[in-house]
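Worksheet: one structure, shown below.
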Amino acid sequence: MSYDKPLPRINADNQAFWEGCRMHELRFQQCKGCGHVRWPPSDRCPRCHCTETRRLISKGIGRVYTFAVYHVAYHPGFAGDLPYTVAVVALDEGPHLLTNIVGCRPEQVVCDMPVEVAWEDVVDRITLPKFRPLSSAEGLG
Amino acid sequence: MQHAVGVLESGLCRYVLISYGHNALSGDSMRRMLMELSGDDAVFGHFGATGGYALAARRAMHEFGTGPETWKKIAVGQRKWANLNPAAMMFGKPMTEADYDKARWVVEPLRLPDNCLITDGGRAIIVTSLERARDLKQPPAVIMGMGQDHPSTAVAQSDWMAGPTGARKAGETALAMAGIRLDEVDACEIYDCFTYTVEITLQDYGFFKPGEGRDWLQGGTIEPGGSMPVNTSGGQLSEAYFMGLTPIAEGAMQIMGRCGKRQLGPETRTKSPEIIMISDNGGILESHSCILLRRW
Ligand SMILES: [Zn+2]
């Protein structure tokens, strides 16, 4: 069955991130000036305006900052998933990522619960970073 | 509004018309605008405004213990005002707390009555100098203070969804310009895209401490007969959605005494308004404006 949900629009800014996802790596820009790990990508640091960056690969572990449970499909591709959970995950390295929580029912999700990345290869060149409840206490900081 | 005052003060013009009109209900442009708002978040099934405010409201539940029990008082209270307003979309459609509890989820924790309406129609206001306003047919509502604050952080990057939002600084700025204290305000017209927006705005203005909104709202505080009437036309939840024009137009009309059965004062067993506090809000709590109007 063909994939019928929206796909990310790849551009010069986000290309490195989505290429990383395809390799099952969460790649972020880390500021060489102040160490701030940022998302979304930008050509200079929002904290110190430094333009130099290095690549940081996140361990893919964080906590649910907040979440929302969709009971309406605004796009027909999601009708079969209702109810589904959209969340903002605060990664241990700092960035907040909008994503889905999978691997548990919506009513099991709570703010601040530990989660880990769960890669979903959706089409040939696109892999989505979703998150599931952390399987062990390992990596909790 | 601040731009209008600027061009009036600089002498560039004498009257400024601020208008809003939209066939948002019968057309599809509002829906398309909301869908485009989400960008690549659509990949994860995140769309429009309800999802964004649901994320903010959920974080607020976690941080200061608010929730549907608080928002219900706002939705039901504003519906009572709408039932005094024949122009309201929800006129003749009363809603009880039990109706609210039974309403379907849209994006949890927000139910259908936590969402504003989508409306065909419009509103307009005219801004001029007090000197010119003296000769007009209607008594003017006088701008006594204005404030803005725009944190501008996208909701997915925000770490202050549970406040303080831009309402804190915008409210303080407006009160300082007016030279009044919050307890001198007689009524509020709060931008109410969602019930949670009303709670966090009143909280950040300082009407109650974080999480104390539920108690503050008990006993019909914001309703007809209440001590701090809020959204006296029914607001965007129960009258009509015309962006920031819904609250500002109602605030001005109340000050002018042109509100019929919903008029603040003896008609609705409330205080006759000397000062009304009015808010506007943009994005997902990304920008905030506050205006204080007073009777002349
Ligand atoms: Zn930096």
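The values are calculated or read from the model by the stated rules, or taken from the named source; none is laboratory data. Predicted model only: the values in this text are computed from it and were never measured. All Cβ positions, glycine included, derive from the backbone under ideal geometry; neighbour counts span all protein chains shown. Just the protein is used for accessible areas: all its heavy atoms, side chains included, with ligands, DNA and RNA removed. Shrake-Rupley method; radii C 1.70, N 1.55, O 1.52, S 1.80 Å.
The sole residue among A:Pro95, A:Pro114, A:Pro133 that is modelled with pLDDT of 95 or more and facing chain B (nearest Cβ under 9 Å) is A:Pro95. Restricting segment A:1-21 to residues that are more than 14 Å from every other protein chain (Cβ to nearest Cβ) and either assigned to a helix (DSSP H, G or I) or in contact (Cβ under 8 Å) with a residue 12 or more places away in the chain (or both) leaves a set whose member that is most open to solvent (accessible area, probe 1.4 Å) is A:Glu19. Could you grab me the full set of residues in segment B:154-168 that are in contact (Cβ under 8 Å) with a residue 40 or more places away in the chain and surrounded by 18 or more Cβ atoms within 10 Å (Cβ to Cβ)? Across segment B:154-168, the qualifying residues are B:Val155, B:Ala156, B:Ser158, B:Met161, B:Ala162, B:Gly163, B:Thr165, B:Gly166, B:Ala167.
Here B:Asp159 meets the list (1) touching a helix residue (DSSP H, G or I) at 6+ places or on another chain (Cβ under 8 Å); (2) under 28 Å from B:Asp40 (Cα atoms) almost entirely, failing just condition (1).
Checked against (1) aromatic (Phe, Trp, Tyr); (2) within 16 Å of the ligand (Cβ to nearest atom); (3) open to solvent by 60 Å² or more (accessible area, probe 1.4 Å), A:Phe28 passes all but condition (3). Listed here are the helices (runs of 4 or more DSSP H) enclosed by segment B:12-110 that have at least 2 residues being open to solvent by less than 30 Å² (accessible area, probe 1.4 Å) and facing chain A (nearest Cβ under 9 Å): B:48-64.
Taking the stated definitions as given, is A:Phe28 hydrophobic (A, V, I, L, M, F, W, C) and more than 30 Å from B:Gly67 (Cβ to Cβ)? For A:Phe28, the condition - hydrophobic (A, V, I, L, M, F, W, C) and more than 30 Å from B:Gly67 (Cβ to Cβ) - is met. Residues that are open to solvent by 30 Å² or more (accessible area, probe 1.4 Å) and among the hydrophobic types (A, V, I, L, M, F, W, C) were ranked within segment A:71-92; the one that is nearest to the other protein chains (Cβ to nearest Cβ) is A:Val72. If you scan segment A:40-70, which residues turn out to be within 12 Å of chain B (Cβ to nearest Cβ) and either open to solvent by 60 Å² or more (accessible area, probe 1.4 Å) or within 11 Å of the ligand (Cβ to nearest atom) (or both)? A:Pro40, A:Ser42, A:Pro46, A:Arg63, listed by residue number.
Is it the case that segment A:98-108 has a residue that's under 18 Å from B:Asp40 (Cα atoms), touching a Pro at 6+ places or on another chain (Cβ under 7 Å) and surrounded by 12 or more Cβ atoms within 10 Å (Cβ to Cβ)? So far as segment A:98-108 goes, yes, one or more of its residues are under 18 Å from B:Asp40 (Cα atoms), touching a Pro at 6+ places or on another chain (Cβ under 7 Å) and surrounded by 12 or more Cβ atoms within 10 Å (Cβ to Cβ). Take the conditions (1) under 25 Å from A:Ile10 (Cβ atoms); (2) in contact (Cβ under 8 Å) with a residue 40 or more places away in the chain; (3) open to solvent by less than 30 Å² (accessible area, probe 1.4 Å); (4) not charged (D, E, K, R); A:Cys111 misses just one of them, which is (1). B:Ile278 falls short of the stated requirement of being among the β-branched types (Val, Ile, Thr) and over 29 Å from B:Val155 (Cα atoms).
For the structure I just gave you, tell me whether A:Leu128 is in contact with an Asp or Glu (Cβ under 6 Å, 6 or more places away or on another chain), open to solvent by less than 60 Å² (accessible area, probe 1.4 Å) and either within 10 Å of chain B (Cβ to nearest Cβ) or under 20 Å from A:Pro40 (Cβ atoms) (or both). Here the answer is yes, as A:Leu128 does meet what is asked.
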